[in-house]
1. Quick check on my filter: what residues within region 134-151 are buried (at least 17 other Cβ atoms within 10 Å of the Cβ) and within 21 Å of the chain's Cα centre (by Cα)?
2. Would you call ARG97 outside the structural domain of ARG243 (by TED's automatic domain parsing), exposed (fewer than 14 other Cβ atoms within 10 Å of the Cβ) and under 27 Å from LYS155 (Cβ atoms)?
3. Could you please find all residues in region 74-85 being at pLDDT 95 or above and either among the acidic types (Asp, Glu) or part of a loop (DSSP other than H, G, I, E, B) (or both)?
4. What's the number of the condition ARG234 fails, among (1) within 19 Å of ASN101 (Cα to Cα); (2) modelled with pLDDT under 85?
5. With the requirement that a residue be polar (S, T, N, Q) and either in contact with a Phe, Trp or Tyr (Cβ under 6 Å, 6 or more places away or on another chain) or touching a residue at least 24 places away in the same chain (Cβ under 8 Å) (or both), what does region 70-116 give you?
6. Among the residues of region 125-132, is there at least one that is aromatic (Phe, Trp, Tyr) and at pLDDT below 95?
Amino acid sequence: MPQRYTANHFTTAKAGIIPVEGPDITSDMTGNGINVCIVEDDTELRQLFTYALTHAGFTVRAFPGSRELYAELLREPTELLLLDLGLPGEDGHAIMRRLRNTMSIDIGIVICSARNTVDERIRSMMTGADAYLVKPVDLRELVATLLTVHRRVRKAVTNVPNTTTWSLIDNGWSLRCPDGESLALTASESSVLKLLFETPGKPVPREVMIAALGHSSDYYLDHRLDMVFTRLRRKVREGCTARLPLRAVRGVGFILSP
């Protein structure tokens, strides 16, 4: 039978959480259904964070590591990520790099770690974190930080210029961004984008894109096709103010919504 939690559970001394007083630690704050994913390998701490954020109104999914996180994000994206750094396998820095390089939407990332050096904070912020909290953390501060980061990310997305749409120009050898910037494309990038622009809003199967690149269906089994899109997303992120509206469709291929 799953363990049930109450607000009093948070008054116990637990590494990673500051004991607080009062019956309701988040009575003046609400997550309003904001989606947040938690990656924390400490089982009890992960459960406490899940309870606290759910209690504050967030929609919460929690995982012990990167493998479970990636599988879930393929099914449903998230708006916020609460991330520990010291994880088994792929650590927090590697997770941030992967998400910033491959995700077609902006995710607000909040680090919650026992590492408290200035160098670690700077490294995390440069890697992709939007905020950094040191364990033990006051849960009221955690909720307030998540709300602030969400507000900032949502405002940034809203303020991105959108005077035009995404389009291919120069016979498919350049990509025009919504802000008017143009990016030169490689032959591989041009080939797959032509297919995606021909059927906007509809998924293009992997096999079709691989064939357009001139290879047999088993040539890209080691994720070379994914690397084409990873480099393309990075190029767009560095050269445009908007994110490429490209996403993977699990078991099918990719879809572009220009």
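The values are calculated or read from the model by the stated rules, or taken from the named source; none is laboratory data. Just so we're clear, the structure is a prediction, and the values are computed from it rather than from any experiment. Note that each Cβ is placed from the backbone with ideal geometry, even for glycine, and that neighbours are counted across all protein chains shown.
1. Answer for region 134-151, where residues must be buried (at least 17 other Cβ atoms within 10 Å of the Cβ) and within 21 Å of the chain's Cα centre (by Cα): LEU142, VAL143, THR145, LEU146, LEU147, VAL149, HIS150.
2. yes
3. If the condition is that a residue be at pLDDT 95 or above and either among the acidic types (Asp, Glu) or part of a loop (DSSP other than H, G, I, E, B) (or both), then ASP84, LEU85 are the ones that fit.
4. All conditions pass for ARG234, except number (2).
5. As a first pass, look at region 70-116 and keep what is polar (S, T, N, Q): 78, 101-102, 104, 113, 116.
Result: THR78, ASN101, THR102, SER104, SER113.
6. no
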